[in-house]
1. Read through the list (1) modelled with pLDDT of 95 or more; (2) assigned to a loop (DSSP other than H, G, I, E, B), then give the number of the only condition that residue 81 fails.
2. Among the numbered criteria (1) at pLDDT 95 or above; (2) out of contact with any helix residue (DSSP H, G or I) (no Cβ under 7 Å at 6 or more places or on another chain); (3) within 15 Å of residue 33 (Cα to Cα); (4) crowded, with 16+ Cβ neighbours inside 10 Å, which single criterion is violated by residue 63?
3. Among the strands (runs of 3 or more DSSP E) contained in region 85-145, which hold 1 or more residues that are without any contact (Cβ under 8 Å) to a residue 12 or more places away in the chain?
4. Provide a single number: the residues in region 112-131 that are more than 11 Å from the chain's Cα centre (by Cα) and either surrounded by fewer than 16 Cβ atoms within 10 Å (Cβ to Cβ) or farther than 28 Å from residue 47 by Cα (or both).
5. If you scan region 33-72, which residues turn out to be in contact (Cβ under 8 Å) with a residue 40 or more places away in the chain and outside any loop (DSSP other than H, G, I, E, B)?
């Protein structure tokens, strides 16, 4: 079931394609992880209200960390767009971002995960949308002036 909101962002996200032209290629080499990429990741096990299971995540860590660290910092993404809206939520048009449905980036659900949890690269956010992500991270971390 798809839920549509009038304020869902029509972003210029880039879905990824493999050599055959099919969406959603497997990631064999996670050293190519970049800030703004969307991957499917296995977030289990979890405790309490943490987002878990196989789900999309947005990479929010800087590219120096992405290149040299065995871990990445990622924000969970949910397809439950009808849930309560927080200033830490960024709504996405799923198909333009390589996702199967409209979704919400949960920037209050940021965590460090090992790169081995990353599965398929789904897409990438454009710069204007990443600016919105940065603003929501500032709210989440209490960095607003």
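1. (1)
2. (4)
3. On the way: elements: 89-92, 103-114, 118-124.
Counting at least 1 such residues, we get no strands (runs of 3 or more DSSP E) at all.
4. Going residue by residue through region 112-131, those that are more than 11 Å from the chain's Cα centre (by Cα) are 112-120, 126-129, 131.
In the following step, the residues that additionally are either surrounded by fewer than 16 Cβ atoms within 10 Å (Cβ to Cβ) or farther than 28 Å from residue 47 by Cα (or both) were identified as 112, 114, 116, 126-129, 131.
Qualifying residue count, region 112-131: 8.
5. Across region 33-72, the qualifying residues are 37, 38, 39, 40, 41, 42, 54, 56, 57, 58, 71, 72.
The values are calculated or read from the model by the stated rules, or taken from the named source; none is laboratory data. Because the structure is predicted, anything quoted here is derived from the model rather than measured. Virtual Cβ from ideal backbone geometry, glycine too; neighbours counted across all protein chains shown.
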